[in-house]
Structure formats: structure tokens, C-alpha cells
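Engineer: Pasting a structure below so you can have a look.
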Amino acid sequence: MKILVIGSGGREHALVWALAQSPQRPKVFCAPGNAGTAQLGVNVEISPMDFGALVEWVRNEEIDLTIVGPEQPLVAGVVDFFRSQGLPIVGPSAYSAQLEGSKGFAKRFMAQYHIPTATYRTFSSMEYEEAKNWLAAQDCPIVLKADGLAAGKGVLICHNQVEAQAGLRTILLEGVFGQAGAKVVIESFMTGEEASVFVLTDGRDYVVLPAAQDHKRIGEGDTGPNTGGMGAYAPAPVMTPEVLVRVQNEIIIPTLNGMVEEGSPYTGILYVGIMLTPQGPKVVEYNCRFGDPETQVVLPLIKSDVVELFMRIATGRLLGYPLGLHEGAAATVVMAAPGYPDTYTKGLEIKGLGNLADTDRAVVFHAGTSLSKEGKMLTSGGRVLAVTGIGPTLQEALDMAYQRVEILHFEGAYFRRDIGWRGLKHDKEP
Ligand code: GLY
């Protein structure tokens, strides 16, 4: 069995790691991968956006299954391209991936299929004057979202009209987000706690992984600029069994049925960002892929053979699949390069990894690492490592992760010391 994972971050290392745990002992490849994926499998120097080269390589190597990590190739149609060549792949079609690729598409979809979300209006750059006048009559806080993919930076939460009007100009007139900002979605601000739900589906049947919560802000107490995510944990105690039933009935099932109605059944991983508002769960956003760093906590909680799970997703055989999960919790702490999320330093030597073999209680996932010619492990990205702990409780999982973080070192390494604080609060005051 040969499997290719497309991507190069901590999420992809977690995918390669989970596949490598399978009793089927697959040979795992990663394109292009990082220094962590190279330790478990074989890195292949092909860009995730070079579909022709990927397909040619997959054919030559007789790869049995491809799994796509990041959103860009999905939105650009990698799944359609592989399927047109008869190659099994895990991910949604380009049409379905618009749930992430276009905020306007996602809002229209939710309105049409009665899926709870914030009220909204969409405007194009041609409609700037109308947008400005409409926005001036709205209450703040209010949320402005660039329509297209903007590497997690296209969402502005505006606390007053000055910020809102400046945000509108930034997106529609100044074109800061390029083509992604040719349209803007303006949404009412939702209050509540956010959680991430990961649905794995073959287009008809689905399984749900333990809900996760991530920490998007750089600073402790969830303050400061947004990042790709500074840590995560699962299961999220806020997602009680009762809330999850509502999420399934009011959000997941209508979403999957809606995509069937649209003529493009959703396949692969559907990541639903949910706000638990006083009125009930509502969709903040859809993503067409696994979260990063959420993958680093949800995959270690899967007891089942993930090779079989992903094969069933790719081949439409999820019906009746009994997903097995481990008891307990997982938590991950991201170690970032100095300066992140702004300009950051690269090429710093990472020390301490040699002392830390992965165990069933702790795994160090590489996010932005590379090996020098001399064999030194160096930082090569903003988020460098995601250190995951696993334990019977969230507190024990966090303790395990932080024990390992203390052993790892690179100059100016930054990490938050309060990962999991919301989950711990729920555990103490249910
Ligand atoms: N952790 C947020 C994301 O993957 O989009």
C-alpha cells in the first residue's frame, strides 16, 4: 500500500504519522513535506499546485491513495483532476471546495439550505458606494470578510464605524487581499465560544471526529494579532453530546444534503467552525480540509486504522463504518519562530529533538523545519513545531505537551503557556 500526502505543514506531518501507525504498514510519501515527514516517509519535491507533475508521479509510483492537506490545491481543482484520471483521492471537488474558497458562495449556500449562520450582505468592488452607505447604518462590532482565500488574514472584526469603513476601503478599494478581496461579505458579529468540528464523508455517509478548539491569537489570554493557530485541544468540553446532536441535525446533515442538491456531493474532510451562540450553534465558516494545528490533536484520538478510513472515504464505502476513538484528551502547543506572525527569523538550529522519541503519550510534529546539509535540524517557517501530549484528561495531556516543550530549544522560541484554558475552565465548572 502506497499513500501520498500533499502539503508541508504540521497538519501533513500529523497525517503522515497517523498513516504510519496503521497495521497495514503503508509506504507514505509527502509532497513536498518537511523534515518531520521525511523521518516517517519519503518527501517528494513536487509543488502541491503542479497537478500534472503530481499525477504523473502518482502513476509512475503506482500510488494507491492521495490525501490533500491544504486548501489551495483543493479550491484549484486537484480532486477533479485526479478523478478525471481515475486516481483515488481524499478531498472535495473544486465546486464543493467553494465552501472555503468563496465566503459569498458559502453564505448563499447556508441561506438556501437554512443552515444557521450570521446575517450578511455581499458587495463587489463596483458596489463600494452602496456598501459604504449600507455599512454606515449597521451596529458594531461587525465582521468584514474578503470573499476568497487570504491565508487566514481576510477577516476583520471591526469594533466601531471608523474601523469598519477603513476595513471596507482596505478590502474593496486598496485591494490588499488581491483577487480574494474583489468581493466582501459583511456579517453581523456573533457572540459565544467557538469550536471546530471535523466531518469525514464519502458524499453520502459521514463520521464526526472529536470537536477541537484552537487558539488563533499570538498572545496569552487570546490577545494580539491572529496567527495560523498557536495550540489546540480535543475533545472540546464545550461541545457536549446535546450540542453535537444539534450540530449534526441543524448543520452537518443539511450541509451534506445541500451539496447533493447542488449536484456535487461533498467528499473528504469538512471542517465546520461553529459559534455556540445563546440561540444555538451557528456556522462561522467552512473549511474544505483539516485544521492546523487541530489535526495534531484529533488524529491521535483515532483508534481505528486511518488507512482503511481514508480508503473508504475515497471509494464511497463509509456506510456502517465503526469509527473507534481513544478515551481521554490531546493537546498541542505550537512553538513559533521569533517575530511570528510578522516577519520572522529562519534557519535557527533546533535542539533537543534527539532526546525525545515519540510515544503513545507524546508526539512532536514538525510544521516549519528543514535539515541542513550537515544534518542539523533548522527552523524554516513561522510555526516551527507542534508538540502534542495525550492523556486521560485535558490537564494531563497539557502537562505532557509542556514537559516536552521545555526540553526543546531554538533561539527566541515563542509559545503560549495558557493553551487549553477555556477547556480547563469547563472541566472545573461544567
Ligand atoms: N486552525 C485554523 C485553521 O486551520 O484554519
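The values are calculated or read from the model by the stated rules, or taken from the named source; none is laboratory data. This is a predicted model, so every value here is computed, not measured. Cβ coordinates were reconstructed from backbone atoms using ideal geometry, including for glycine residues, and neighbour counts include every protein chain displayed. Only protein heavy atoms, including side chains, enter the accessible area calculation; ligands, DNA and RNA are left aside. Shrake-Rupley method; radii C 1.70, N 1.55, O 1.52, S 1.80 Å.
Engineer: At 7 Å along Cα-to-Cβ for each site, give me the label-to-label distance between residue 47 and residue 245 in nm.
Structural biologist: About 5.0 nm, to one decimal.
Engineer: Using a 7 Å offset from the Cα along the Cα-to-Cβ direction at both residue 139 and residue 160, what is the distance between the two label points in nm, to one decimal?
Structural biologist: Going by the 7 Å Cα→Cβ label model, 1.8 nm.
Engineer: Turning to a different aspect of this structure: Evaluate the relative contact order of segment 80-220 (contact order divided by residue number), counting alpha-carbon pairs under 8 angstrom at least 6 apart; express in whole percent.
Structural biologist: 22
Engineer: Which of the aspartates and glutamates could a cross-linker bridge to residue 376, judged by Cα under 14 Å and excluding same-chain residues fewer than eight apart?
Structural biologist: 349
Engineer: Now for a different question. Considering all projection directions equally, how large on average is the shadow of the alpha-carbon convex hull of segment 324-375, in square nanometres?
Structural biologist: Orientation-averaged projected area of the Cα hull: 5.6 nm².
Engineer: A further question on this structure: Please list, or write none, the lysines whose alpha carbon is within less than 24 Å of the alpha carbon of residue 153, excluding same-chain residues fewer than 8 places away.
Structural biologist: 103, 107, 132, 145, 183, 216, 282, 346
Engineer: Got a number for carbon plus sulfur as a percent of segment 182-263's accessible area, 1.4 Å probe?
Structural biologist: On the way: 1600 of 3030 Å².
Roughly 53 percent of what the probe reaches on segment 182-263 is carbon or sulfur.
Engineer: Consider just the alpha-carbon atoms of segment 207-277 and return their Rg together with their Dmax, both in angstrom.
Structural biologist: According to the Cα coordinates of segment 207-277, Rg and Dmax are 14.8, 44 Å.
Engineer: Checking the cross-link filter: which lysines have an alpha carbon closer than 22 Å to that of residue 2, excluding same-chain neighbours under 8 positions apart?
Structural biologist: Straight-distance partners of residue 2: 27, 303.
Engineer: Right, next: Report the local net charge at residue 142: Lys and Arg +1, Asp and Glu -1, summed over other residues whose C-beta lies under 15 Å from its C-beta. Numbers along the way, then the final one.
Structural biologist: Working: positive: 103, 107, 121, 132, 145, 169; negative: 139, 163, 187.
For residues surrounding residue 142, the net value is +3.
Engineer: Now a separate question. How high is the relative contact order of segment 243-305, in percent, with contacts defined as C-alpha pairs under 8 Å that are six or more residues apart?
Structural biologist: Values: 47 pairs, mean separation 15.3, N = 63.
Relative contact order of segment 243-305: 24 percent.
Engineer: OK, next. Would you please name the GluC sites (Glu not before Pro) within segment 27-105 that are DSSP coil residues with at most 10 other C-beta atoms within 10 Å of their C-beta?
Structural biologist: On the way: sites: 45, 56, 61, 62, 71, 100; in loops: 45, 62.
Answer in residue order: 45, 62.
Engineer: Placing unit charges on C-beta atoms (Lys and Arg positive, Asp and Glu negative, everything else neutral), compute the dipole magnitude of segment 134-221 about its Cα centre in debye, rounded to 20. Walk me through the numbers before you get to the answer.
Structural biologist: Working: 7 positive and 11 negative charges, 58 e Å.
I would put it at about 280 debye.
Engineer: What is the distance in Å between the Cα centroid of segment 3-35 and that of segment 408-428?
Structural biologist: Taking the Cα centre of segment 408-428 as reference, the centre of segment 3-35 is 26 Å away.
Engineer: Let me ask something additional. Using just the C-alpha positions of segment 119-190 as equal point scatterers, what log10 of I(q)/I(0) does the Debye formula give at each q in 0.17, 0.26, 0.28 1/Å?
Structural biologist: Computed log10 I(q)/I(0) values: -0.50, -1.23, -1.42.
Engineer: Ok, one more. At 0.36 nm per residue, minus the direct Cα-Cα distance, what do residue 260 and residue 216 gain on full extension? Give it in nm, one decimal, please.
Structural biologist: On the way: separation 44, 0.36 × 44 = 15.84 nm, distance 3.23 nm.
Fully extending the segment from residue 260 to residue 216 adds 12.6 nm.
Engineer: Considering only protein heavy atoms, what per residue accessible area in square angstrom results for segment 218-301 with a 1.4 angstrom probe? Display every interim value, and only then the final one.
Structural biologist: Numbers: 2570 Å² over 84 residues.
Ligands and nucleic acids excluded, the result is 31 Å² per residue.
Engineer: Can you pull the one-decimal nm distance between simple spin-label points at residue 112 and residue 151, each 7 Å off the Cα toward Cβ?
Structural biologist: 3.2
Engineer: Going by a ≥ b ≥ c, the root eigenvalues of the Cα gyration tensor, does segment 141-276 fall in the rounded group (a/c under 1.5), the prolate group (a/b larger than b/c) or the oblate group? Spell out each step's value before the answer.
Structural biologist: Numbers: a/c = 2.12, a/b = 1.40, b/c = 1.51.
The shape class here is oblate.
Engineer: Expressed as a rounded percentage, what relative contact order does the chain have, with Cα pairs under 8 Å and six or more residues apart? Intermediate values should be presented prior to the final figure.
Structural biologist: Numbers: 987 pairs, mean separation 69.3, N = 430.
The normalised contact order for the chain reaches 16 percent.
Engineer: Give me the 1.4 Å probe accessible area per residue for segment 308-356, excluding ligands and nucleic acids, in Å².
Structural biologist: Working: 2370 Å² over 49 residues.
The answer is 48 Å² per residue.
Engineer: Let me know the charge dipole size of the chain about its Cα centre in debye, to the nearest 20, where only the beta-carbon of Lys, Arg (+1) and Asp, Glu (-1) is charged. Walk me through the numbers on the way to the answer.
Structural biologist: Details: 36 positive and 47 negative charges, 40 e Å.
That gives a dipole near 200 debye.
Engineer: Would you work out what percent of the accessible area of segment 1-131, with all protein chains in place, is carbon or sulfur (probe 1.4 Å)? Don't jump to the answer; show the numbers that get you there.
Structural biologist: Working: 2570 of 5120 Å².
In segment 1-131, the share of accessible area belonging to carbon and sulfur is 50 percent.
Engineer: With the other protein chains left in place, how much accessible area per residue, in square angstrom, belongs to segment 1-133 at a 1.4 angstrom probe?
Structural biologist: On the way: 5290 Å² over 133 residues.
Result: 40 Å² of accessible area for each residue.
Engineer: At 0.36 nm per residue, minus the direct Cα-Cα distance, what do residue 409 and residue 176 gain on full extension? Give it in nm, one decimal, please. Numbers along the way, then the final one.
Structural biologist: On the way: separation 233, 0.36 × 233 = 83.88 nm, distance 3.56 nm.
Net length gain for the segment: 80.3 nm.
Engineer: Express in % the proportion of alpha carbon pairs of the chain at distances exceeding 34 Å.
Structural biologist: Values: 26738 of 92235 pairs.
Percentage above 34 Å: 29.
Engineer: If you don't mind, there's one more thing I want to ask. Within the accessible area of segment 267-409, what % is carbon and sulfur when the probe is 1.4 Å and the other protein chains stay in place?
Structural biologist: Working: 2690 of 5430 Å².
The value for segment 267-409 is 50 percent carbon and sulfur by accessible area.
Engineer: Using DSSP to define loop residues, name the GluC sites (Glu not before Pro) in segment 308-415 whose beta-carbon has at most 15 other beta-carbon atoms within 10 Å. Before the final figure, lay out the partial values.
Structural biologist: Working: sites: 308, 327, 349, 374, 396, 406, 411; in loops: 327, 374, 411.
Within segment 308-415, the qualifying GluC sites (Glu not before Pro) (loop, at most 15 other Cβ atoms within 10 Å) are 327, 374, 411.
Engineer: Among the trypsin sites (Lys or Arg not before Pro) in segment 354-430, which ones are in a DSSP loop with at most 15 other Cβ atoms within 10 Å of the Cβ? Mind listing them?
Structural biologist: Values: sites: 361, 373, 376, 383, 404, 416, 417, 422, 425, 428; in loops: 361, 373, 376, 416, 417.
Filter output for segment 354-430: 373, 376, 417.
Engineer: Given charges of +1 on the Cβ of Lys and Arg and -1 on the Cβ of Asp and Glu, with all other atoms neutral, how large is the dipole of segment 236-361 about its Cα centre, in debye to the nearest 20?
Structural biologist: Dipole about the Cα centre, nearest 20: 80 debye.
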